[in-house]
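The values are calculated or read from the model by the stated rules, or taken from the named source; none is laboratory data. Since the model is a prediction, treat every value here as computed from it, not as a measurement. Heads up, the Cβs are rebuilt from the backbone with ideal geometry, glycines too, and the neighbour counts pull from every protein chain shown. SASA here: full protein model, heavy atoms, side chains in, ligands and nucleic acids out. Shrake-Rupley method; radii C 1.70, N 1.55, O 1.52, S 1.80 Å.
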Amino acid sequence: MLLFLKPLCPFHLQGNTYQQVSHSNSGTTFENEGYVQLKTFNTASNVGAHSSIFIGVWAVNGNGLMSQALHHEFDVGGGLLDLKRRCTAYNCQGHCVCAIQDQTCSAASGCSDISGGSPTRDTVTVQDVVDITFNSGSDSYGPSRTYLAAQWSITTTQGLSVKRYEVAVGLTSSSSPSGLYNSASERIWYDVGQMTQWVWPLHDREMTVDTSYSVFIRAWYSSNQYAIFKSSGVTVAPSAMTTTTNTAAAVKELLQSGDTKDTDYTTSTSTLHVRWDGLFQPGTAGLDTFKVFISSESGGHDIYVSSNINSGTTTHTATGLSLVENIRYYTTVSAHNRAGVMTTQTSDGFTVDATAPDAGLVLDGAELRDIDAQSSDGKMHAQWRHFRDTGGSGIRRYWWCIGTVADTTTCNTLSWTDVGLKTHGFLYASFSSGTTYYNKIKAEDWAGNVSPASYSDGIVVDTSGPQLVNQLYMSTSELIQVSPGCEKLCPCPPLNFYSIPLSDKTLSFYEINMSTSDKNPSFEVDTYVFDNTTVCDSGDPSSWSLNADGCVKLQMSNAPIAAHDSQYILMSGDLSQTVSVTTNALYRLEIKVGYPQVLEDHHKAIDGYVSLGLDSHAFHLDPDRCEGRCEIETENSILWNTLTFYHTAVSTSLTVVVGTRFTTSDMRLGLDGVSLVRVYYSQQYSGQPVEPSTETTAVFLPHWSSVNSVWHFEDSESTIVDYMWAVGTVPGGTQLQNFVSVGKLNHGVVGDLALTHNATVYVTVVATNMAGLTTKVELNPVVVDMTGPEILDLHDGTGLDVDYQTSYTITANWAIRDNESSTDYCVWAIGSVPGGYNVKIFESLPSQTSYSVSHTVDNTTYPAPFTFYSTVRCYNTIGLFTVSYTNGVTVVSPDRNDGVQSMEILADSSTYRLATEHCLTTSDNIRIKWDLEQTDTLIKSYKFAVRDITPDPEYLLTVNCTDNSTVVNGTSLNVTALNATADNSTSSLCNCSYDNMNISGIMIEGDNDTESYCFAQMWMTNYSAIDRNITERLSPESDFPPFAASLHDVSVLTSHNVSISVTPVDIFDTEMQGQESMVIVSPPGPQIIGSMAIPDSNLTSTNLTVDWTGVFSSYWSDLVYEVTVGSKIGASNIVQWQETTETSMTLELSNSEVKEFNLSLIITAYDQCGLYNTYSSGLFLVNLP
């Protein structure tokens, strides 16, 4: 408790004011009233100068509220103060020191209120005070219903001066204190001496809320004069201000001045922005001031206290702070109304985060993994993860943008967009196919720190699936490459170079590799030395390296064994070569491997592999594949397999390795024709070799088949990520292999298939790009081919087969056909026996549909006559082959005589009497027989001439062919001119075939239509006699048979004279010596034109002469007569069939016993064509002498 002492008379303590005494809780106690409070005061003047003094004591509690005054008068004397107990009033109000509490000693009397201003006096101004510490100015509102406070001062000094003051309280609306105390029963005014401030506690009553109360001051100028002054009044407003129910109104920490949204984190350690607008409701008293406090405890103020803030301001920036990261701070705003009532609100706190979030990972697409391409051009997905905020505030939101440049700033597709806390997003927009877009993300924490932007590796928009490459372009720079034009066997034809312009000079494709690089691709660089005593050569092949356990044996043969040229190797172990390549370029490796028939053990399979850098591919060669294929005549052979692999270079050098799994001597691999070329999908140089973009190769055997396919796709927008392929027996089918993924490999192989000849195999490939788009392509089907190519019409010579020739230039021609596979190449050799190549070694020939080849043989080594045989082997694209040989051509001497020695026309007759050689009895059939000179006969054909030498301008020649070929039939030759000749005659070609003859000839009408004949040519098909004579070196044969021919359907006119000739034509189409005969075409037979004269019946002798002259008429003058005589008509008992050329005959009748009898004479006349007529004389009487 505090004690205030102040004299109530002109006597003052030192300092001329009241003194404050602190309450003591120690010392002397008095009964039950506690400790006695003792204090010594120094007075401003001598106390002894006064007879008495007044001492007033007020108790003030901790809240500053005062009790009523304990007021007593003390007599001064002897240094001690003695309480005076007189009851004499000392003013007009009747006050005395001995009165009862709150009473007077007597009624008021003689008091004068001079409040009106007369006489003049000091003017007192009273101010209401809410702050009972009296540190504030005048107030209009008060927070308490139980006390009033005021302070006053003399503002005008004039006239009477104030001696002391009394205080009272009441309604402002009243001119005198009222409304709180009853003046009739309660004390109203309380003496406060010369104090100028007072707190009036209302112990047992309360003021009415929202009512204005004033403090009244009665200033006493003398014992009976006073003036009353009052304050302006304080409206009682005890209630604190309320806060809004709007949750949006709160104490908010801001990231930046001017923000309206609360933040839980800030980036600054020295500055904080606060806002609380709309939070406090002013109420009756209205807002007065604000204060802002910052503390690490909610509601605290240990870190920062602001000065008073005007009520019209609801924002504040605290500066000069020393905040620490990761500590939670709170901001408190105290709002004071004009009544002095304080209302506080504290924020939800904030933390300082000055560290930006860590950048994270941005993925393209909506899948769990990043994608590099998409097929949609209208929507784009992105996702992001691993952004982390180590500053403590946590991620508040993400910003997303899309651009076409791989950087952190270009956002030309989508500008930076707030996507909140989503970790994925999608955008509907129009995206350009073929363009790469980059998703970019940055994270912002709650403190406003922004991470560095992260961007994806890009996603390309690809609206089209992979496309099959039109064709491949092969380059040969930097590579291993076999020579052109020498793809199979030695001897090699001249190189056909391609040229490439390279800056200021021109280089050849193949010069780069064979001459400059010398890669030894087909092992032709090394010199072959025959040595059958060692299994392995002592050195490595040129340009190649063999591992320590490996074995290589160089092989050579003039027979077509090597896959390329004439040399190849047998190897085991690892054989390698390193070449320079271009990084990221595509290369194709092709090798020829085979199972050699020369191995000691034919039952072990060969397991091999090929390595291209880090890529390794295994292959397997089954010895059973050689069954029936690896031996030709007496020569071993190798069924070569073409293996193709593709590799994308990852550096500037590439090591190519061909190896076997084991290095035993009975597991050796045949190797030849290693080719490594760079592949372009678009042409780089003019003249580059071009190949198709897909290829399917196969090996078809009855017990084992395999299919190897290669395909090339490209995708200009995105990368191809997977290939699947299937094999079936119908288009798009999977009967032989279901769809199998080979990853990014552009080739596949499937083996151990059981197929049938002529079946069709279909390969289907599905290419998938990064966008998920697929393209399905059916490769060209392959027909199962278990047979080699078909060699057609293999002939000696340049056309039809020849058996003889005089030239030592041996020629052969043939056609090749393979209905299932295409032909790859053929080889040709000449030998002295079928299948041999001792005259000319095998020569490789490129694939074509027909061949015509020639080779000149030394005539001194092979003197005539000598027979040469051409041998041909043709291979198809799957490695199967066919062998064929000619029947041989014999080279003979050009000096020969093969003419016709004699000729005979074989006559036909309707009677037993044959026609003579001068008569042709049929007009449409001519039979001829001839003999040849007994020499080295090499007749190939004959020319027959039938010539009508009887003038007849209206002669019609008809040719009827028995083989229904086109003929001229019934055509008037003097009207139709078909082919003009040098002598202005006309001709028409005709062709006939009959029996074993082919007849071709010309029908000709001569000058002036005087002659016409059919000139025909017969081709013999029976060469047995010729073959026999040739085999016996054309020596004469005594039993050499004659030759004959029949010319059918050759119509000539009867009674016409015809010339028939035969001329032999030898194998060289040379006409030899012929023969000619003249005949007449069967004229009408003998005619009876008269009667025979009957002889006299009375004979003078036994001889009877009969004469039939004039009976017959004939074309022929030399008829032959056949005479029969009998005693009856038709009888022949006297003469039977007696021939004569005369027209009379004498009969001897002497032997007849009868002297008189009848005779009948029958005469038959025959001409040279065998035609006849018979005359009968009838019966006539004969009398013998």
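Could you please find all residues in segment 732-746 being closer than 11 Å to Val707 by Cβ and outside any loop (DSSP other than H, G, I, E, B)?
Gln737
Collect the residues in segment 1093-1129 that are touching a Ser or Thr at 6+ places or on another chain (Cβ under 9 Å), of a type outside the set (Val, Ile, Thr) and within 17 Å of Tyr1172 (Cβ to Cβ), keeping them in residue-number order.
Trp1108, Phe1112, Tyr1115, Asp1118, Leu1119, Tyr1121, Glu1122
Residue pairs, Cβ under 7 Å, 6 or more apart or interchain, first in segment 1062-1079 and in contact (Cβ under 8 Å) with a residue 12 or more places away in the chain and surrounded by fewer than 18 Cβ atoms within 10 Å (Cβ to Cβ), second of a type in the set (Gly, Ala, Ser) and assigned to a strand (DSSP E or B). List them.
Glu1076/Ser1059; Glu1076/Ser1061; Met1078/Ser1059
Starting from residues that are among the aliphatic types (A, V, I, L, M) and over 50 Å from the mean Cα position of the chain (by Cα), keep the ones in segment 788-823 and report whichever is least open to solvent (accessible area, probe 1.4 Å).
Ile810
Which one is farthest from Thr463 (Cα to Cα), of the residues in segment 414-425 that are open to solvent by less than 50 Å² (accessible area, probe 1.4 Å) and in a loop (DSSP other than H, G, I, E, B)?
Among residues in segment 414-425 that are open to solvent by less than 50 Å² (accessible area, probe 1.4 Å) and in a loop (DSSP other than H, G, I, E, B), the one farthest from Thr463 (Cα to Cα) is Gly420.
Among the residues that make up segment 426-443, is at least one of them assigned to a loop (DSSP other than H, G, I, E, B), touching a Cys at 6+ places or on another chain (Cβ under 9 Å) and either at pLDDT 85 or above or surrounded by fewer than 21 Cβ atoms within 10 Å (Cβ to Cβ) (or both)?
Going through segment 426-443, the residues assigned to a loop (DSSP other than H, G, I, E, B) turn out to be 429-435.
After this cut, where a residue has to be touching a Cys at 6+ places or on another chain (Cβ under 9 Å) as well, the list is none.
No; the residues of segment 426-443 include none that is assigned to a loop (DSSP other than H, G, I, E, B), touching a Cys at 6+ places or on another chain (Cβ under 9 Å) and either at pLDDT 85 or above or surrounded by fewer than 21 Cβ atoms within 10 Å (Cβ to Cβ) (or both).
Between a residue in segment 720-731 that is outside any strand (DSSP E or B) and any residue that is surrounded by fewer than 18 Cβ atoms within 10 Å (Cβ to Cβ), which pairs come within a Cβ distance under 6 Å, given they are 6 or more apart or on different chains?
Every condition considered, the pairs that remain are Thr729/Gln735; Pro731/Glu778.
Considering only residues that are part of a loop (DSSP other than H, G, I, E, B) and within 20 Å of Ser138 (Cα to Cα), which ones fall in segment 219-235?
If we filter segment 219-235 for residues that are part of a loop (DSSP other than H, G, I, E, B), which is where we start, we get 221-224, 231-233.
Across segment 219-235, the qualifying residues are Ser231, Ser232, Gly233.
Counting residues that are more than 22 Å from Asp565 (Cα to Cα) and among the small types (Gly, Ala, Ser), which strands (runs of 3 or more DSSP E) fully inside segment 788-902 reach at least 1? Let's see the steps before the verdict.
Working: elements: 790-796, 809-817, 823-831, 840-846, 850-856, 866-876, 881-885, 889-891.
Output list reads 809-817, 850-856.
Tally up the residues in segment 770-787 that are open to solvent by 30 Å² or more (accessible area, probe 1.4 Å), part of a loop (DSSP other than H, G, I, E, B) and not small (Gly, Ala, Ser), please.
Looking only at that region, the number is 5.
Could you count how many residues in segment 1169-1185 are open to solvent by less than 30 Å² (accessible area, probe 1.4 Å) and either among the charged types (D, E, K, R) or assigned to a loop (DSSP other than H, G, I, E, B) (or both)?
Number of matching residues: 3.
Considering Ser118, Ser138, which residue is more than 19 Å from Trp189 (Cα to Cα) and in contact with a strand residue (DSSP E or B) (Cβ under 6 Å, 6 or more places away or on another chain)?
None of the others qualify; the one that does is Ser138.
Which of (1) outside any strand (DSSP E or B); (2) closer than 30 Å to Asn42 by Cβ is the odd one out, the single condition Asp82 does not satisfy?
Every listed condition holds for Asp82 apart from (1).
For segment 503-519, check the following and say yes or no: at least one residue is modelled with pLDDT under 85, of a type in the set (Phe, Trp, Tyr) and assigned to a loop (DSSP other than H, G, I, E, B).
No, there is no match, as no residue in segment 503-519 is modelled with pLDDT under 85, of a type in the set (Phe, Trp, Tyr) and assigned to a loop (DSSP other than H, G, I, E, B).
What number goes with the only condition from (1) over 17 Å from Ser311 (Cβ atoms); (2) touching a residue at least 40 places away in the same chain (Cβ under 8 Å); (3) of a type outside the set (Phe, Trp, Tyr); (4) in contact with a Leu (Cβ under 9 Å, 6 or more places away or on another chain) that Ser223 does not pass?
Of (1) over 17 Å from Ser311 (Cβ atoms); (2) touching a residue at least 40 places away in the same chain (Cβ under 8 Å); (3) of a type outside the set (Phe, Trp, Tyr); (4) in contact with a Leu (Cβ under 9 Å, 6 or more places away or on another chain), only one is false for Ser223: (4).
Can you find, within segment 739-764, the residue that is most open to solvent (accessible area, probe 1.4 Å) among those that are without any contact (Cβ under 8 Å) to a residue 60 or more places away in the chain and either in contact with a Lys or Arg (Cβ under 8 Å, 6 or more places away or on another chain) or within 30 Å of Ser376 (Cα to Cα) (or both)?
Lys744
Considering each residue of segment 1146-1168, count those that are under 18 Å from Ala915 (Cα atoms) and either assigned to a strand (DSSP E or B) or open to solvent by 10 Å² or more (accessible area, probe 1.4 Å) (or both), and give that number. I'd like the intermediate steps shown before the answer.
Residues of segment 1146-1168 under 18 Å from Ala915 (Cα atoms): 1164-1168.
Next cut, either assigned to a strand (DSSP E or B) or open to solvent by 10 Å² or more (accessible area, probe 1.4 Å) (or both) only: 1164-1166, 1168.
Summing the residues that are under 18 Å from Ala915 (Cα atoms) and either assigned to a strand (DSSP E or B) or open to solvent by 10 Å² or more (accessible area, probe 1.4 Å) (or both) in segment 1146-1168 gives 4.
Among residues belonging to segment 1080-1090 that are in contact (Cβ under 8 Å) with a residue 60 or more places away in the chain and part of a loop (DSSP other than H, G, I, E, B), point out the one that is most open to solvent (accessible area, probe 1.4 Å).
Pro1084
I'm checking my understanding of the structure. Among residues of segment 450-464 that are among the small types (Gly, Ala, Ser) and open to solvent by 20 Å² or more (accessible area, probe 1.4 Å), which one is farthest from Thr423 (Cα to Cα)?
Looking at residues that are among the small types (Gly, Ala, Ser) and open to solvent by 20 Å² or more (accessible area, probe 1.4 Å), I get Ser464.
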